[in-house]
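The values are calculated or read from the model by the stated rules, or taken from the named source; none is laboratory data. Computed from a predicted model, the values in this text were never measured in an experiment. Ideal geometry is used to build each Cβ from the backbone, glycine not excepted, and the neighbour counts take in all protein chains shown. The protein model used for the area step is the full one, side chains on, heavy atoms only, and it has no ligands, DNA or RNA in it. Shrake-Rupley method; radii C 1.70, N 1.55, O 1.52, S 1.80 Å.
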Amino acid sequence: MNFVILPGQLRLALCLCYAGMAAGTLYDLMFFLRRVKGVRQAADLLFGLAAGVMYFAALFYCREERLRLMGLFFFLTGYGLYRMGPGRLIRFCFRSVSGRKKGRLRRNETG
């Protein structure tokens, strides 16, 4: 087994993590589009296409020729890190601006 990480591999892993974080940011920026019922599916399709473009742009930037499962893992890790970290704060701000409350708070107020 080869435990040596080459500099190009580390650069690729970081690029894919950053691309995943950018995809998470894009998902949060599309918050107001997803609230409209007729546009929700189109917004999700647009996000999927944009996330795919970000993934392939990171691969192209690092001159990687093949798709690998670990590359997808690093992309999803970056997306997850964003969603657990700064994404949580941004979603809270969007909810407070839009006046949207969580379901359990709404039930407590009416009952």
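Here, region 21-101 has an Rg and a Dmax of 14.5, 46 Å when only alpha carbons are counted.
Among the trypsin sites (Lys or Arg not before Pro) found in region 32-94, those both in a DSSP coil and sparsely packed, with 13 or fewer other Cβ atoms within 10 Å of their Cβ, are Arg35, Lys37, Arg63, Arg66, Arg68. Of the chymotrypsin sites (Phe, Trp or Tyr not before Pro) in region 1-75, which ones lie in a loop per DSSP and count no more than 11 other C-beta atoms within 10 Å? Loop-located and lightly packed - Phe3. Projected label points at Met84 and Glu65, each 7 Å from Cα along the beta carbon direction, are separated by 3.6 nanometres. When the surface is traced with a 1.4 Å probe over the full set of protein chains, Cys17 keeps roughly 20 Å² accessible.
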